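Okay, structure first, notes after.
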Amino acid sequence: QKVRAEVLEHLEHLALVDFRDSEGVERLQRAIQFADQLHEVNTDGVEPMDSVLEDRCLYLREDDVTEGNCTKELLKNAREKVEEYFVAPPGIVLLIK
């Protein structure tokens, strides 16, 4: 099945990936065909799961902030940065209108 142009545009915006070349569109169509196989599975009467570990009691820990204000230290890990921001890896295309 063909992917409509407006769907491609929306996916490009969400994923920050450029689908303008035929290879990108073909890759997307293969992914959609693969995911469409899920429609063949009969899920009648199957309750949705909250977690794959539903048979266990999951405990949440307290969210206590113990560190902070370490921007300079974190930016040392960046391959490339602009001002105080990480630069997106090559291949990600920003699609700003």
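Restricting to the stretch 1-14, and then to whatever is part of a helix (DSSP H, G or I) and touching a helix residue (DSSP H, G or I) at 6+ places or on another chain (Cβ under 8 Å), can you tell me which residue is modelled with the highest pLDDT?
Residues of the stretch 1-14 part of a helix (DSSP H, G or I): 5-14.
Checking the rest, the ones that are also touching a helix residue (DSSP H, G or I) at 6+ places or on another chain (Cβ under 8 Å) come to 8, 11.
Working: L8: 77, L11: 80.
Ranking the qualifying residues of the stretch 1-14, first place goes to L11.
Considering only the stretch 29-40, I want to know if a residue exists there that is of a type in the set (D, E, K, R), under 30 Å from V87 (Cβ atoms) and without any contact (Cβ under 8 Å) to a residue 12 or more places away in the chain.
Just the residues of the stretch 29-40 that are of a type in the set (D, E, K, R), to begin with: 30, 36, 40.
Retained after the next criterion (residues that are under 30 Å from V87 (Cβ atoms)): 30.
Remaining after also requiring without any contact (Cβ under 8 Å) to a residue 12 or more places away in the chain: 30.
Yes - at least one qualifying residue is present in the stretch 29-40.
Out of G24, G45, which single residue is on the phi > 0 side of the Ramachandran plot and either of a type outside the set (S, T, Y) or part of a helix (DSSP H, G or I) (or both)? Break it down into steps so the answer makes sense when it comes.
Numbers: G24 fails: on the phi > 0 side of the Ramachandran plot.
G45 is the lone residue from the list that is on the phi > 0 side of the Ramachandran plot and either of a type outside the set (S, T, Y) or part of a helix (DSSP H, G or I) (or both).
Of all residues being within 19 Å of the chain's Cα centre (by Cα) and of a type in the set (F, W, Y) in the stretch 15-71, which is modelled with the lowest pLDDT? Just the residue, please. Once the filter is applied, the top-ranked residue is F19. When the stretch 35-93 is filtered for residues that are surrounded by 10 or more Cβ atoms within 10 Å (Cβ to Cβ) and in contact with a Ser or Thr (Cβ under 9 Å, 6 or more places away or on another chain), only E84 remains.
Of all residue pairs spaced 6 or more apart or on separate chains, those with beta-carbon atoms under 9 Å, a first member in the stretch 2-14 that is open to solvent by 50 Å² or more (accessible area, probe 1.4 Å) and a second member that is of a type in the set (A, V, I, L, M) and not in a loop (DSSP other than H, G, I, E, B) are L11/L28.
The values are calculated or read from the model by the stated rules, or taken from the named source; none is laboratory data. Here the structure is a predicted model, which is why all the values come from computation and not from measurement. All Cβ positions, glycine included, derive from the backbone under ideal geometry; neighbour counts span all protein chains shown. To get the accessible areas, we keep the full protein, side chains included, count just its heavy atoms, and leave off ligands, DNA and RNA. Shrake-Rupley method; radii C 1.70, N 1.55, O 1.52, S 1.80 Å.
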